[in-house]
Amino acid sequence: MNKTEFLDALRKALSGLPNDEVDQRLEFYSEMIDDRIEDGLSECEAVSDIGSIDEIVDQITADIPLGRLVKERIKTKKKLSGWNLTLIILGFPVWLPILAAAFAVMLSLYVCIWAIDISLWAVFVSLAGTSLGSVLLSVVCFVQGNIPTALAMSGTALVCVGLAVFSFFGCKAATKGVIALTKKMALVIKRLFVRKGDNNG
Amino acid sequence: MDIQLKRGVLDVCVLAAIKDEPSYGYKIIKDLKPYIELSESTLYTILKRLEGAGALTVTTAEHGGRLRKYYNITDTGIRRIEDFKAEWSELMSIYRFVAKEDKDE
């Protein structure tokens, strides 16, 4: 890929972003490629040295706040022809409920994921609580002279402590996973706004 | 590394690269390469952030028949490096304390 092809492809991939932002980014990358060529690299080497377009787009998308991306999309929508606008207005009773439903489904799925995570933590808390209670109870039974119950309670306490330690690591990993998933989802949603621009560009 | 800490360190690295004389994007990446690997996109974000904070200014000059952007450090930028150095010595004494605890264990 030569410099012109690279910059054209990048412009196309970034077409959902604000125009001035795209121009500035392209100017920056163009200068970077020129400086590499001046440094002795061939044009193709210089371009491949910069990295893949997908990587660049992902990083730029992660940098720009979602609000700005949405605003840019709405601004682009203003350029719609009268016919399209009429269709959108007439289709309003159809597309709004569908959009709202899709949003509600997405949201509920997301809430479910967190609910699973919270219930895992609840298991951990109950195990920890049970082991604590069992320890106390075994002490009380021991003092009262009820040795068999005291032994059974300390056994329960040991089992619960073991399970609690196990479940703690599981819960921690699950929470980390959900947070990573949230970040990934945010990037996917943002990318939706950037990549859709391909159709306009 | 903690994201906030890393961001601060990267900002100061870029400022240090333009401290002695104005520099341009590719040279900054090359100068920092032995110490830290910066991608173009990361550098762009850092430069924008520093420009917004008034730590550097951008000038355009002609070079070999094309325009090239040069980044100049401002007084705010120099102060940022000085602050970093002061904070770092504080952080180093905390580090020595923490590392000593490790040895004692």
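Filter A:Lys3/B:Lys48; A:Lys176/B:Lys30; A:Lys172/B:Lys48 down to the pairs with a C-alpha to C-alpha distance above 26 Å, please. Please list the in-between numbers first.
Numbers: A:Lys3/B:Lys48 24 Å; A:Lys176/B:Lys30 36 Å; A:Lys172/B:Lys48 36 Å.
Long pairs (Cα-Cα over 26 Å): A:Lys176/B:Lys30; A:Lys172/B:Lys48.
Calculate, for B:Lys6 and A:Ala102, the FRET efficiency according to 1/(1 + (r/R0)^6) with r their C-beta to C-beta distance and R0 30 Å; round to the nearest 0.05. Write down the numbers at each step before the final one.
Working: r = 37 Å, r/R0 = 1.23.
Efficiency for this residue pair is about 0.25.
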How high is the FRET efficiency between A:Asp58 and A:Asn146 when r is their beta carbon distance and R₀ equals 41 Å, given to the nearest 0.05? 0.05
By how many nm would the segment from A:Phe168 to A:Lys71 grow when fully extended, if each residue of separation counts as 0.36 nm and the alpha-carbon distance is taken off? 30.7 nm
Putting +1 on Lys and Arg Cβ atoms and -1 on Asp and Glu Cβ atoms, find which of B:Thr76, B:Cys13, B:Ser39 reaches farthest to the positive end of the dipole of chain B. B:Ser39
P(r) histogram, all alpha-carbon pairs of the range A:3-64 included - 5 Å bins from 0, percent: 3, 19, 31, 24, 14, 7, 2
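What net charge is computed for the residues neighbouring A:Glu5, neighbours being all others with C-beta under 13 Å from the C-beta of A:Glu5, Lys and Arg scored +1, Asp and Glu -1? Could the numbers behind the result be given before it?
Numbers: positive: A:Lys3, A:Arg11, A:Lys12; negative: A:Asp8, A:Glu43.
So the environment of A:Glu5 carries a net charge of +1.
Pop out the Kirkwood hydrodynamic radius of the range A:103-199 from its pairwise C-alpha distances, inverse of mean 1/r, in Å to one decimal. Write down the numbers at each step before the final one.
Numbers: mean 1/r = 0.0608 Å⁻¹.
Mean inverse Cα-Cα distance, inverted, gives 16.5 Å.
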Once the principal axes of the Cα atoms of the protein assembly as shown are found, what is the range along each, listed largest first in whole angstroms? 96, 67, 35
Bin width 5 Å, origin at 0, all Cα-Cα pairs of the range B:3-104: what percent of pairs per bin? 2, 11, 21, 21, 17, 11, 7, 5, 3, 1, 1, 0, 0
Inter-label distance for B:Lys19 and B:Asp83, nm, one decimal - labels placed 7 Å from Cα along Cα-to-Cβ: 1.6
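Rounded to the nearest 500, what is the 222 nm mean residue ellipticity of the protein assembly as shown from helices alone, with -39500 (n - 2.57) per DSSP H run of 4+ residues and division by all residues? Let's see the in-between values first.
Values: 12 runs with 239 residues, N = 306.
Helix contribution divided over all residues of the protein assembly as shown: -27000 deg cm²/dmol.
All of the numbers you see were taken from the coordinates with simple rules; none came from a lab. Quick caveat: nothing in here was measured; it's all calculated off a predicted structure. No Cβ is skipped: glycine too gets one built from the backbone with ideal geometry, and neighbour counts run over all protein chains shown.
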